Structure formats: structure tokens, C-alpha cells
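One structure below.
Laboratory data are not the source of any read-out in this text; all were calculated from the coordinates shown. Keep in mind it's a predicted model, so treat the numbers as computed, not measured. Heads up, the Cβs are rebuilt from the backbone with ideal geometry, glycines too, and the neighbour counts pull from every protein chain shown.
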Amino acid sequence: LAASDTADVLELRTERLLLRRWRPRDAEPMVQVNRDPEVTRHLNRPMDEVAAAGFFDVMVDHWERYGFGPWALESLEPDTSGRFVGFAGLLQLPPFLVAAGSTPELAWRLGRSFWGRGLATEASLAARDDALGRLALPELISVIHPDNQRSQSVATKLGMQPVRSIENPVLGRDVDVWALADRAGRRLPR
Ligand SMILES: CC(C)(COP(=O)(O)OP(=O)(O)OC[C@H]1O[C@@H](n2cnc3c(N)ncnc32)[C@H](O)[C@@H]1OP(=O)(O)O)[C@@H](O)C(=O)NCCC(=O)NCCS
């Protein structure tokens, strides 16, 4: 993991991925990812065509407003080099999930052709370490649908565990809040 924060370059690199700020060319592939019902079935709010079309602007606005946000993921692998993979990183929770807490969520979402290769975990580990290190966040949470086994698996590999469930009023059901345990295995204070 390497972070460079000089000369207007803010990016992270892992073995197979570049985590970087969003570029206009990410807009179209991100729409495609968000149009895939298999990708969006367990999100915190339904993804319709309007939401999919506006999602890129939400990412750009998030970075401008907070100075951090979900990283756009770009492949560094030879056969897919330069391709948009998805995103991983910090996302401010919407007001309807205030019950989850005020700390930003660590979120991840990949195009389906990139699933099943450890890329989501690889990217999220880098985003986690950047959030805890450079950004010095004291705590990290993820809000995960109880049926989202792939996401639960990523959270577990990141050292997170389910700490409580809260109502998601948009979905009309309870969802789980996962939080990072500290090195001693204790849960961090809420
Ligand atoms: C959640 C999501 C990001 C997980 O993606 P993923 O590819 O399953 O997650 P990982 O990166 O941890 O990959 C794990 C898989 O890669 C496999 N793998 C293959 N090569 C690997 C490698 N070199 N290193 C690690 N794992 C590897 C693992 O065995 C595992 O396979 P399995 O799913 O058959 O058990 C993805 O399913 C997604 O985008 N879902 C839709 C959006 C979403 O729900 N986001 C979360 C909302 S809370």
C-alpha cells in the first residue's frame, strides 16, 4: 500500500488496483454497474435509473464537500489494465441511517465481472488503512443487509463484526451495523 499526496495526486496502489479520485470517464461504467440488479439488490436504498444516472455526481460532490470519499478503482492487471472496476472507501451515511452513527461508512461495490477474485477485499483493506492512518478516523462502520453474504465476507476479512441492527426506514426492514474491532479484539467504543 502506497499513498501519494503530493502535486495534486492523491491515490493508493495495491498489487492489482489503483484507488484514485473520480474522472469523467468513470461516469458511464459506473452507470452500468449500478444498472445491474445483481449488484444493487442489497443496497441501503433502491437504485432506479435516476439514481444510477446521478451517482457519478454524488461521488464527485462527496469528495469536494468532505475531502474524502469512495475511491474509484482502476485495474492494474495486464488483461484489464485501465478499466473501471467499481469503488471502495468512505461514504457519509444518509440522514435516514443516522441510527448507525455519525462516522462515515466504509463501502464497496464492484462490477460483477470483477467479483470472486479478492479485489473488493484488496481495495477495501487499502481504503480502511488510509481511513485509520492518514485520515485518523477513530472508528469505521459498514451498514450491511443481513442477506448480503458477499459483503459480510468482505467485512469479516477487514476485521469487522456485526455490533447491532438498526431499522432502515427506506427498505422497511432491519439491517446490520458492522464495526471494526481493535487489535485486542475488543469492539471500539460507539
Ligand atoms: C460485496 C462485493 C464487493 C464483494 O465482492 P467479492 O469479489 O465477492 O469480494 P472479495 O474481493 O472479498 O472476493 C472474495 C472471493 O474471491 C475469491 N478469490 C479469488 N482469488 C482471490 C485472491 N487472489 N485473493 C483473495 N480472494 C480471492 C475468494 O475465494 C472469494 O470467492 P467466493 O466468493 O467464491 O468465496 C460484491 O459482491 C459487490 O459489489 N456486491 C454488490 C454491491 C454491494 O452489495 N455492496 C455492499 C453493500 S453493504
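How many nm is it between the label spots at Asp129 and Asp57, if each spot is 7 Å from the Cα in line with the beta carbon?
3.7
Non-local amide H neighbours of Glu77 (under 5 Å, H modeled in plane, Pro and chain starts lacking H): which ones?
Result for Glu77 returns Gly82.
Over what distance in Å are the Cα centres of region 92-133 and region 32-57 separated?
Centre-to-centre (Cα) distance: 16 Å.
Treating only the Cβ of Lys, Arg, Asp and Glu as charged (+1, +1, -1, -1), what charge dipole size does region 69-190 show about its Cα centre? Round to the nearest 20 debye.
200
Would you work out which of Pro70, Thr103, Asn44 lies farthest towards the positive end of the dipole of region 15-116? Charges go on Cβ: Lys and Arg +1, Asp and Glu -1.
Thr103
Can you work out the Karplus-derived ³J(HN,Hα) for every residue in region 64-76? Use 6.51 cos²θ - 1.76 cosθ + 1.60 with θ = phi - 60°, whole Hz, and x for glycine or proline.
5, 6, 9, x, 8, x, x, 7, 6, 9, 10, 5, 10
Once you order the gyration tensor axes a ≥ b ≥ c over the Cα atoms, which shape class does region 1-159 get: rounded for a/c under 1.5, otherwise prolate or oblate by comparing a/b with b/c? Intermediate results must be reported in sequence, preceding the final value.
Details: a/c = 1.22, a/b = 1.06, b/c = 1.15.
Verdict is rounded for region 1-159.
Considering only region 1-143, what is the antiparallel percent among its DSSP beta bridges, to the nearest 5?
Among the beta bridges of region 1-143, antiparallel pairing accounts for roughly 95 percent.
Please compute the length gained on full extension between Val50 and Arg25, using 0.36 nm multiplied by the number of residues separating them and subtracting their Cα-Cα distance. If you can, show how the numbers build up before the last one.
Numbers: separation 25, 0.36 × 25 = 9.00 nm, distance 1.88 nm.
Gain on extension, Val50 to Arg25, equals 7.1 nm.
Using the Cα centre of region 1-128 as the reference point, and only Cβ charges (+1 on K/R, -1 on D/E), how large is the resulting charge dipole? Debye, rounded to the nearest 20.
Values: 15 positive and 18 negative charges, 46 e Å.
The calculation lands at about 220 debye.
Search the structure for amide H atoms under 5 Å from the amide H of Val163, placed 1.01 Å from N in the peptide plane, and list their residues when 5 or more places away or on another chain.
Amide H neighbours of Val163: Val177, Trp178, Ala179.
Choose one of Phe87, Thr121, Phe56: the residue whose Cα lies farthest towards the positive end of the charge dipole of the chain (beta-carbon charges +1 Lys, Arg; -1 Asp, Glu; about the Cα centre).
Thr121
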